[in-house]
Amino acid sequence: MLASRIFINTLREAPAEAEIASHRLMLRAGYIEPLAAGIFNWQPLGLRVVQKIAGIVREEMNAAGAAEVLMPAVQPAELWHASGRWQVYGKELLRLQDRHERDYCVGPTHEEVVVDLVRRHVKSWRQLPLNLYQIQTKFRDEIRPRYGVMRAREFIMKDAYSFDRDAAGALASYQAMREAYSRIFDRIGLEYCIVAADSGAIGGSQSEEFLVLAASGEALLARAAAGYVNLDQVPCAAPDAKRPAAGEEMKKVDTPGVASIEELRGFLQQPPPPERCVKTMVAVGEKGMAAVLLAGADQLNLAKAGQHPAIGAGARLAEEAEVREAVGAGFGSLGPVGMPLPVVADLRLQPCADFACGANEDGKHLLGVNFGRDCPEPDYADLRLAAEGDAGADGKPLELRRGIEVGHIFYLGTKYSDAFKAVYESEDSGAQTMEMGCYGIGVTRIVAAAIEQGHDEHGVVLPAAIAPFEAAVLPLGHEEEVAKAARALYEALRAAGVDVLLDDRGLRAGRAFSDLDLVGVPHRLVVSKRSLAENATEYKPRTGGEARLLPLADAPAEIAKLVAAA
RNA sequence: CGGGGUGUAGCGCAGCCUGGUAGCGCAUCUGGUUUGGGACCAGAAGGUCGUGAGUUCGAAUCCCACCACCCCGACCA
């Protein structure tokens with residue numbers, strides 16, 4: 001590839017809107033360009049990275065026995081009515097009508113389409129198992145797209161769907177996908193982990209997430225014995241302290257405008273320590289609504305709240321209006337005394353006496369409150385989100401990391417095959433419903449995740465497997481012999497199987513160097529009068545090494561070896 | 001959807017408070033000198049100041065409405 005011909009649009013300064021490193025660098029390196037909120041043009045350099053990732057995904061999916069298809073981006077509403085998701089999916093589903101006013105959506109996922117396809121063709125047990133996948137553009141109308149392609153509305157995803165005769169077969173397919181995914185992320189060359197996903201709402205289903213470790217990740221992880229787990233799945237032990245006797249009388253104080261524990265402590269002359277300031281929130285699940293109590297500095301773990309019988313699965317925080325209707329006071333003034341809802345307290349509050357809390361009256365708080373005396377003893381449960389510094393299961397302090405979700409595998413059971421009557425004639429027991437799994441990889445998100453993990457002050461640092469080019473040949477100087485030798489080296493590298501860029505733009509040295517650094521080319525080969533005097537090229541890796549001379553004759557094989565070893 | 005912020009040349013920004021010829025750096029174009037980590041000199045081009053409606057002799061600047069984008073939150077597996 002010639003640099004002069006492939007539309008390299010690097011920026012010296014990053015556009016102001018970019019917050020995180022990957023977004024900034026993808027704009028600066030000319031990988032992407034925004035077109036609308038969460039919608040991007042992929043320029044040639046960025047697209048090359050996308051295609052390299054997609055290529056690896058495709059190879060491993062094929063190797064795992066999956067067959068590639070391509071399903072439409074626009075899907076008829078009837079399919080979504082059949083699964084019931086036309087009602088359920090909400091505003092994330094971009095809906096539209098054609099000229100005949102028939103309803104369609106832009107596909108955020110393809111369970112409906114693929115089940116419809118498979119049920120019409122698969123009739124016999126002999127046709128199973130089957131795994132169909134595609135690499136295709138999806139659209140999810142995110143409430144708030146952000147961080148460039150990390151959380152975009154339009155994005156490229158690999159989605160696969162497995163169909164098996166029975167649950168055992170489906171779990172084998174699941175396992176095969178798990179292994180294929182591991183090979184994919186190994187080959188891409190990122191530091192990643194696999195964690196169990198919260199399966200509470202689905203019940204009994206198996207689901208795991210693949211996360212790339214990066215400081216800017218949205219998912220919180222904790223190191224566990226084997227790898228990592230989602231932070232919200234880390235249990236918190238009960239404190240072993242005993243509750244001291246009540247030492248204060250309960251009294252009500254005016255606290256106008258105080259809406260948080262921090263503000264309360266700032267407002268009071270002699271505030272109790274945070275562990276004796278009780279924070280009250282209201283959670284709603286499928287079983288009902290309850291007040292949840294936590295020590296002031298702790299965070300609520302909604303997944304844990306959902307396990308309490310008074311709340312139930314799918315727990316969320318209540319809206320202020322719901323709270324006002326149920327309790328008569330708004331956020332910031334809630335507390336256990338006179339609370340009409342069931343009260344569940346975190347284990348850490350068990351030894352808590354003489355605490356401060358809201359009075360269930362706007363602008364008022366109570367001090368010197370004691371369970372058992374001033375209000376009923378609450379039900380205690382593990383409710384808080386584990387935090388940095390907690391003791392882990394092995395007694396050592398919990399180690400926290402963040403991750404970016406780039407893959408998700410899911411055992412589905414018969415949820416969709418039931419809805420679509422995807423049945424086959426079994427070998428011995430008549431008509432059977434197919435068992436399904438679905439498996440996603442966020443291809444474009446991986447580009448951002450890889451850059452989050454790989455960058456420095458000069459720009460993008462990508463593994464050779466997914467860099468836009470594996471190597472670049474850069475002629476310096478205007479001598480005829482330099483241009484000729486560079487061209488020859490470029491051709492030799494191509495012949496050796498290296499994906500190489502010839503930077504024939506004739507830029508000044510400094511500009512060319514910083515451009516190649518910014519764009520993320522892992523291996524740089526400079527050809528100049530100086531190097532030709534030694535019959536050599538000056539080789540420099542993007543990171544972790546000094547420039548050194550390589551004989552021109554050896555360079556192609558040497559670089560091919562370095563690329564293969566990466 | 002709630003809160004905050006920003007829209008001025010391709011990019012980064014100043015000007016707005018206190019109304020009166022639209023500016024700076026980088027990028028671009030021309031000529032020249034340069035040529036190993038974003039060169040220098042000289043010249044040039046580039047703007048419906050987000051859109052609309054007002055106030056005013058006069059609006060980038062003041063008022064109102066709208067739109068777009070960004071950030072925080074809520075939402076989502």
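The values are calculated or read from the model by the stated rules, or taken from the named source; none is laboratory data. Just so we're clear, the structure is a prediction, and the values are computed from it rather than from any experiment. Every residue, glycine among them, receives a Cβ derived from its backbone with ideal geometry; neighbour counts consider all protein chains shown. Side chains are part of the model used for accessible areas, which takes the heavy atoms of the whole protein and leaves out ligands, DNA and RNA. Shrake-Rupley method; radii C 1.70, N 1.55, O 1.52, S 1.80 Å.
Of the numbered conditions (1) part of a loop (DSSP other than H, G, I, E, B); (2) open to solvent by 80 Å² or more (accessible area, probe 1.4 Å); (3) in contact (Cβ under 8 Å) with a residue 24 or more places away in the chain, A:Glu179 fails exactly one; give the number of that condition.
Answer for A:Glu179: the failing condition is (1).
Identify all residues within the range A:3-48 that are under 23 Å from the mean Cα position of the chain (by Cα), surrounded by fewer than 20 Cβ atoms within 10 Å (Cβ to Cβ) and part of a loop (DSSP other than H, G, I, E, B); write none if there are none.
Of everything in the range A:3-48, those that are under 23 Å from the mean Cα position of the chain (by Cα), surrounded by fewer than 20 Cβ atoms within 10 Å (Cβ to Cβ) and part of a loop (DSSP other than H, G, I, E, B) turn out to be A:Glu17, A:Ala18, A:Glu19, A:Ile20, A:Ala37.
Filter the range A:427-443 down to residues that are of a type in the set (Ser, Thr, Tyr) and modelled with pLDDT of 95 or more and give me whichever is most open to solvent (accessible area, probe 1.4 Å).
A:Thr433
Somewhere in the range A:261-272, is a residue under 34 Å from the mean Cα position of the chain (by Cα) and farther than 22 Å from A:Lys364 by Cα?
No - not one qualifying residue is present in the range A:261-272.
Go through the range A:489-503 and report how many residues are free of Cβ contacts under 8 Å to residues at least 40 places away in the same chain and open to solvent by 60 Å² or more (accessible area, probe 1.4 Å).
2
Results for (1) assigned to a loop (DSSP other than H, G, I, E, B); (2) out of contact with any helix residue (DSSP H, G or I) (no Cβ under 6 Å at 6 or more places or on another chain); (3) surrounded by fewer than 17 Cβ atoms within 10 Å (Cβ to Cβ), shown as yes or no for each residue.
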{"site": "A:Val337", "(1), (2), (3)": "yes, yes, no"}
{"site": "A:Ala345", "(1), (2), (3)": "no, yes, no"}
{"site": "A:Asn360", "(1), (2), (3)": "yes, no, no"}
{"site": "A:Ala387", "(1), (2), (3)": "yes, yes, yes"}
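Taking the options A:Gly506, A:Gly520, name whichever one is within 25 Å of A:Gly46 (Cα to Cα) and open to solvent by 30 Å² or more (accessible area, probe 1.4 Å).
Of the residues listed, the single one that is within 25 Å of A:Gly46 (Cα to Cα) and open to solvent by 30 Å² or more (accessible area, probe 1.4 Å) is A:Gly506.
List, please: which pairs have Cβ atoms under 6 Å, are six or more places apart or on different chains, and start with a residue in the range A:20-37 that is within 17 Å of A:Leu462 (Cα to Cα) and end with one that is assigned to a helix (DSSP H, G or I) and within 11 Å of RNA strand B (Cβ to nearest atom)?
Listed by first residue and then by second, the contacts come to A:His23/A:Gly148; A:Met26/A:Gly148; A:Ala29/A:Leu518; A:Ala29/A:Val519.
Return the only residue of A:Glu470, A:Glu481 being open to solvent by 40 Å² or more (accessible area, probe 1.4 Å) and on the phi < 0 side of the Ramachandran plot.
Just one listed residue meets the conditions, A:Glu481.
Considering only residues that are in contact with an Asp or Glu (Cβ under 8 Å, 6 or more places away or on another chain), among the polar types (S, T, N, Q) and more than 7 Å from RNA strand B (Cβ to nearest atom), which ones fall in the range A:510-543?
A:Thr543
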